[in-house]
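Working notes, structure below.
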Amino acid sequence: MHVPTSSAFKQSATEALRNAGLQKALGRSGPAFIARRAAAAANLPEFEQLRDIARDIKNHALANLDFYLETYEANVQKAGGTVHWCATAEDAREAVLKICQNAGARTVTKGKSMIGEEIAINDHLEKHGITPVETDLGEYIIQLRQELPSHIIAPAFHLNMEDWEEAFRKAHTDLPPDRTFNERRDVLTEARTKLRAKFLAADVGITGANFLIAETGSSVIVTNEGNGDLTQTLPRVHIVLASIEKCVPTIEDCTSLLRVLARSATGQDFSVYTTFSTGARRPGDLDGPEEYHVVLIDNGRSGMLGTEFQEMLRCIRCAACMNHCPVYGAVGGHAYGWVYPGPMGSVLTPGLIGVEEAGQLPNASTFCGKCESVCPVRIPLPKLMRHWREREFERHLSPTAGRTNLGLWAFFARRPSLYRLATRAAAMGLGFLGRRTGRLRSLPLAGGWTAGRDLPTPEGDTFFARYARQQREASRQ
Amino acid sequence: MSREAMLTAIRRGLKRGPLPSDQAAMLRGRLADHPRHLIPARSRLPHPGQVDLFVRNLEKEFASVTRVADVAAVPGAVADFLAAQNLPTSLVMAPHPELQAIDWSSRPMLSIREGRAEATDAVSVQHVFAGIAETGTMMLPSAPVRPTTINLLADTEIAILRASRIVGAYEEAWDLLRAELGGMPRNVMLVTGPSRSADIEQTLELGAHGPRQIHVVLVDDSAAS
């Protein structure tokens, strides 16, 4: 089980900043993601309009989610599939295990699925003697290294070539030890060969879903490798893991969302494989699974409906927010301590595992607003993080020093003349203290802040005084 | 049990009971009409322009294309491609009537098996249902005559597409599918170029789990259609 370590964010972040390998990986990959998305968006003049449309489609789907899920289920059944409604992660794990046991499964191949990580399905299957094999290249090495993905579309974001070589040498001991890993291609080829055998041997294939389509009862996956397609085509049983908010009304709605998904995620115009699966093998078909199951998971989402966090349920998991986030870019994904990192994780994680555990995450933001500016479904992520901060404060979960300072500030802020007096006194006082060097090396009550930098000493007036003077001058002209 | 509990929880969140019948009817109408949203202008071209855009996008996504004048030229184009790439000449081919109607004996070196693909197949030949110019995407709906494994297992996939089947936007391909197939087949793959991964150091490498290369033989039948 992934025990969340989100409450240790500060310590994890400090360690991440000192991790040379991680810093190398972040420095290499972060800017590339930003440039690719910018190019893709610039290449499509309608991109901003399409973002509005994507937002509206998801809002419409969420406002009528019960109706669309019922329609979706009816159409899955018509196509010969089964929907398993699971309110909790526990229910979902049991449903998957039962399907696998009924199929007499020994090995299960898996396409990349974040909800699969969320419900920790691999651990559950292993505990019951079934071997899950991750087939997405990034997930494969994550499984070999027994860690969590550090990014929602690039699980091995934090790794370098030497890590790949090390993990592959350790895992593939049947291959010649003197083989070389000169290029990335060597890694890819070895993984392809190793995993091809797993695809062919698996009894059950488990994939996630980027979308569910009510109109047709289809599940949709988007990949570049083709591993998801092999996973859902070759085994006798296909299980789809999907959370409730993935459901959209029609193929056309899904198509419009697809136009912004790949561009926001990898900067591709379209992913290599976008695949719509609808039920089990049809009469006369020469391939495809004989059973098709959808494990439909709530696990906390319905509790966000009707609250200020409902907008988070529009998320289509493109990762643009974390790719553009200065905090993610500095500490990477693991510091966030659970399945979903970056700004979307800072909003979603407290909703799913509680603000008591994950309250530090919405505080891990500079509120620069870059995440919101690139979100393809226009989720106001900073605003939602601010809501979590409010809840944290209301429930007395934030640290005492911070609360005391905030209380002190509030006292003055409610008394404008006192506030002006106090800020003037502070500016003068600090100016006097730092009059020789122009900077202050340490400050009482702010030792953490000055540990890493000096505070330039205030020069002259306060903001209020200057503003008032400017107004006076302007009115005279 | 869980189903009702989940639907109730959703409705509680939305602060209402089940949708009133008039609203449900409206949503059913929306599903039946499946209205289109904004379609980007880039594919709004006369048909020859759409064919060119399809080819340009396909090549940008690392697939290769040979354009031939008619169906009779397909076996030659396939044989020449295999020879140039130094690839084996035994193929597994989707049992589609349009592919079966081709006179493959004009190139006796080619040995063809019809059916689904197996892991041992090096080269597969697929029938493309429609081409989508917007992004150079091929629509491949599953059917007894168009097995899914043909798209996945061979190292090299050769895709046969008639130019008259190229449309501008995804929505037009979905309309073709609804009109000709009546509903959703078990599986519809939208394929845009050969398999790839950027999981190693976020740097693109071709040839992940699906085909390492895709070669499209485009039959120029547009003038006749």
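The values are calculated or read from the model by the stated rules, or taken from the named source; none is laboratory data. Quantities reported herein were computed from a predicted structural model and do not represent experimental measurements. Every residue, glycine among them, receives a Cβ derived from its backbone with ideal geometry; neighbour counts consider all protein chains shown.
Here are some residues: A:168, A:181. Which one is touching an Asp or Glu at 6+ places or on another chain (Cβ under 7 Å) and part of a helix (DSSP H, G or I)?
Every option except A:168 fails the conditions.
Residue by residue through the stretch A:311-328, note down the ones that are out of contact with any Leu (no Cβ under 7 Å at 6 or more places or on another chain) and of a type in the set (Val, Ile, Thr).
Answer for the stretch A:311-328, where residues must be out of contact with any Leu (no Cβ under 7 Å at 6 or more places or on another chain) and of a type in the set (Val, Ile, Thr): just A:327.
Considering only residues that are more than 17 Å from residue A:226 (Cα to Cα) and either among the hydrophobic types (A, V, I, L, M, F, W, C) or not assigned by TED's automatic domain parsing to the domain that holds residue B:149 (or both), look in the stretch B:177-208 and name the one that is nearest to the chain's Cα centre (by Cα).
B:177
Of the conditions (1) in a helix (DSSP H, G or I); (2) among the hydrophobic types (A, V, I, L, M, F, W, C); (3) outside the structural domain of residue B:141 (by TED's automatic domain parsing), residue B:19 satisfies every one except a single condition; which number is it?
Evaluating residue B:19 over (1) in a helix (DSSP H, G or I); (2) among the hydrophobic types (A, V, I, L, M, F, W, C); (3) outside the structural domain of residue B:141 (by TED's automatic domain parsing) leaves (1) as the failure.
Here are some residues: B:163, B:179, B:208. Which one is under 26 Å from residue A:288 (Cα atoms) and touching a residue at least 12 places away in the same chain (Cβ under 8 Å)?
It is B:208.
Could you please let me know if residue B:58 is touching a Gly at 6+ places or on another chain (Cβ under 6 Å), part of a helix (DSSP H, G or I) and surrounded by 20 or more Cβ atoms within 10 Å (Cβ to Cβ)?
Against the criterion (touching a Gly at 6+ places or on another chain (Cβ under 6 Å), part of a helix (DSSP H, G or I) and surrounded by 20 or more Cβ atoms within 10 Å (Cβ to Cβ)), residue B:58 qualifies.
Can you find a residue that is in contact (Cβ under 8 Å) with a residue 40 or more places away in the chain, assigned to a loop (DSSP other than H, G, I, E, B) and hydrophobic (A, V, I, L, M, F, W, C) anywhere in the stretch A:430-444?
Looking for residues that are in contact (Cβ under 8 Å) with a residue 40 or more places away in the chain, assigned to a loop (DSSP other than H, G, I, E, B) and hydrophobic (A, V, I, L, M, F, W, C), one finds none in the stretch A:430-444, hence no.
So which of B:24, B:79, B:119 ends up being assigned by TED's automatic domain parsing to the domain that holds residue B:204, without any contact (Cβ under 8 Å) to a residue 40 or more places away in the chain, of a type in the set (Gly, Ala, Ser) and in contact with a Phe, Trp or Tyr (Cβ under 9 Å, 6 or more places away or on another chain)?
B:119
Restricting attention to the stretch B:199-225, report how many residues are surrounded by 18 or more Cβ atoms within 10 Å (Cβ to Cβ), at the interface with chain A (Cβ under 7 Å from one of its Cβ atoms) and not charged (D, E, K, R).
Counting residues in the stretch B:199-225 that are surrounded by 18 or more Cβ atoms within 10 Å (Cβ to Cβ), at the interface with chain A (Cβ under 7 Å from one of its Cβ atoms) and not charged (D, E, K, R) gives 6.
This table checks each residue for (1) surrounded by 13 or more Cβ atoms within 10 Å (Cβ to Cβ); (2) free of Cβ contacts under 8 Å to residues at least 24 places away in the same chain; (3) touching a strand residue (DSSP E or B) at 6+ places or on another chain (Cβ under 7 Å); (4) more than 7 Å from every other protein chain (Cβ to nearest Cβ).
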| residue | (1), (2), (3), (4) |
| --- | --- |
| B:2 | yes, yes, yes, no |
| B:12 | yes, yes, no, yes |
| B:46 | no, yes, no, yes |
| B:53 | yes, no, no, yes |
| B:67 | yes, no, yes, yes |
| B:71 | yes, no, yes, yes |
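Which condition from (1) within 30 Å of residue B:117 (Cα to Cα); (2) polar (S, T, N, Q); (3) touching a residue at least 12 places away in the same chain (Cβ under 8 Å) is the one that residue A:299 breaks?
For residue A:299, the failing item is (1).
Among the listed residues A:391, A:441, A:403, identify the single one that is at pLDDT 85 or above and surrounded by 10 or more Cβ atoms within 10 Å (Cβ to Cβ).
Testing whether each residue is at pLDDT 85 or above and surrounded by 10 or more Cβ atoms within 10 Å (Cβ to Cβ) leaves just A:391.
Tell me, which residue of the stretch B:118-133 that is more than 8 Å from chain A (Cβ to nearest Cβ) and not in a strand (DSSP E or B) is nearest to residue A:218 (Cα to Cα)?
By that ranking, first place goes to B:129.
Give the residue, chosen from B:157, B:171, that is acidic (Asp, Glu) and either more than 23 Å from residue A:137 (Cα to Cα) or not assigned by TED's automatic domain parsing to the domain that holds residue B:52 (or both).
Of B:157, B:171, the one residue that is acidic (Asp, Glu) and either more than 23 Å from residue A:137 (Cα to Cα) or not assigned by TED's automatic domain parsing to the domain that holds residue B:52 (or both) is B:171.
If I go through the stretch A:74-99 residue by residue, how many of them are of a type in the set (Val, Ile, Thr), more than 9 Å from chain B (Cβ to nearest Cβ) and touching a helix residue (DSSP H, G or I) at 6+ places or on another chain (Cβ under 8 Å)?
2
Could you count how many residues in the stretch B:14-27 are loosely packed, with under 13 Cβ neighbours inside 10 Å, more than 7 Å from chain A (Cβ to nearest Cβ) and among the basic types (Lys, Arg)?
Looking only at that region, the number is 0.
Within the stretch A:281-305, which residues are within 7 Å of another protein chain (Cβ to nearest Cβ) and within 18 Å of residue A:237 (Cα to Cα)?
Result: A:281, A:282, A:284, A:285, A:286, A:287, A:288.
Can you work out which of the residues in the stretch B:177-198 that are outside any loop (DSSP other than H, G, I, E, B) and out of contact with any helix residue (DSSP H, G or I) (no Cβ under 8 Å at 6 or more places or on another chain) is surrounded by the fewest Cβ atoms within 10 Å (Cβ to Cβ)?
Looking at residues that are outside any loop (DSSP other than H, G, I, E, B) and out of contact with any helix residue (DSSP H, G or I) (no Cβ under 8 Å at 6 or more places or on another chain), I get B:179.
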